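First the structure, in the form of structure tokens, and then the observations on it.
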Amino acid sequence: GAGVSQSPRYKVAKRGQDVALRCDPISGHVSLFWYQQALGQGPEFLTYFQNEAQLDKSGLPSDRFFAERPEGSVSTLKIQRTQQEDSAVYLCASSVQGVSPYNEQFFGPGTRLTVL
Amino acid sequence: DAKTTQPNSMESNEEEPVHLPCNHSTISGTDYIHWYRQLPSQGPEYVIHGLTSNVNNRMASLAIAEDRKSSTLILHRATLRDAAVYYCILRVPPGKAAGNKLTFGGGTRVLVKP
């Protein structure tokens, strides 16, 4: 069946530009997560949605980062006024529900953002 | 939050077993031990999880020490496709908001030699 998809797969932005990264979770998955992975590092949590509600945004590094999931399915991560330190792979994951430690998260392939 | 410690890298020969250690000496009694792996240029994927007892599935086995301060992921016969970064992750019990997210460390990079 279809997994988590992300678009675009690669994005090059000039410093100061705004970017929008899209995530299509697995159909019916209630929970959606965004992670940031710098080169050579493990992924780091950014934010979490349960349906359309953003329940945890403690990992967003600055107010330039904004995420939404208005209808409880597709999510968009927006980065305003991109900086070079924003260069990373942005991973989206979804799960059936997020409140149990049993529920595995299914990850998309990521969007590689390069800020010049 | 309890932390995990893993070796940076390990090498194995194809079709031989691989034992990946993880230390989590500050684990709480209700933390679950999860393993994910990340193949090159892909997102992480779930491998296995456990609480106290050893666990087996089609991908791997998880051996948990009696005091739960360490665990070992066992790949019984490594293939070239198993070359990846393996992450040992502790997850808090349900009902706590922190349990929703995965906290990755640096992981162990596994190289499988043909």
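No value in this document is a laboratory result; all are computed from the given coordinates. Computed from a prediction, not measured in an experiment: that's the story for all the values here. Quick reminder, even Gly has a Cβ in these numbers, built from the backbone with ideal geometry, and neighbours come from all protein chains shown.
So which GluC sites (Glu not before Pro) in the stretch A:15-109 pass both tests, a DSSP loop state and at most 10 other Cβ atoms within 10 Å of the Cβ? Listed in order of number, the matching sites are A:E71. Taking every residue in A:27-36 and counting other chain Cβ atoms within 10 Å of its Cβ, the average works out to 1. Site pair A:R64 and A:Q80 shows an inter-label distance of 1.2 nm when each label is modelled 7 Å from Cα along Cα→Cβ. Among the GluC sites (Glu not before Pro) within the stretch B:6-114, those in coil by DSSP and having at most 14 neighbouring Cβ atoms inside 10 Å are B:E14, B:E15, B:E66. Scattering from the stretch A:64-116 was approximated by placing one identical point on each alpha carbon and applying the Debye formula without solvent; log10 I(q)/I(0) at 0.19, 0.22, 0.23, 0.30 1/Å stands at -0.80, -0.95, -1.00, -1.20. In the calculated pair-distance distribution of chain A, the portion above 17 angstrom amounts to 51 percent of the Cα-Cα pairs.
Can you give the mean number of other chain Cβ atoms that lie within 10 Å of the Cβ atoms in peptide A:104-113?
Details: counts 8, 9, 4, 8, 2, 3, 5, 0, 1, 0.
Averaged over the peptide's residues, the number is 4.
At most 11 other Cβ atoms within 10 Å plus a DSSP loop assignment makes a site exposed; report the longest stretch of chain B without any exposed trypsin sites (Lys or Arg not before Pro). For trypsin sites (Lys or Arg not before Pro) (loop position, at most 11 other Cβ atoms within 10 Å), the longest site-free span of chain B is B:1-57. Given a Förster distance of 30 angstrom, what is the FRET efficiency for B:L51 paired with A:D18, based on the Cβ-Cβ distance and rounded to 0.05? It comes out at approximately 0.10. Treating each Cα of the protein assembly as shown as one equal point scatterer and applying the Debye formula with no solvent, the log10 of I(q)/I(0) at q = 0.10, 0.18 Å⁻¹ comes out as -0.46, -1.34. Entry note: chain B has Rg to Rh equal to 0.96, where both radii use alpha-carbon atoms and Rh is the Kirkwood radius. Per residue, the average separation of C-alpha pairs within less than 8 Å and at least 6 apart gives chain A a relative contact order of 36 percent. Taking every C-alpha pair closer than 8 Å and separated by at least 6 residues, the mean separation divided by the residue count of chain B gives a relative contact order of 35 percent. Taking the Cβ-Cβ separation of A:K57 and B:Q42 as r and a Förster radius of 35 Å, what is the calculated FRET efficiency to the nearest 0.05? Taking R0 as 35 Å, the efficiency between A:K57 and B:Q42 is 0.85. The trypsin sites (Lys or Arg not before Pro) of the stretch A:32-116 that DSSP puts in a loop, and whose beta carbon has at most 13 other beta carbons within 10 Å, are A:R81.
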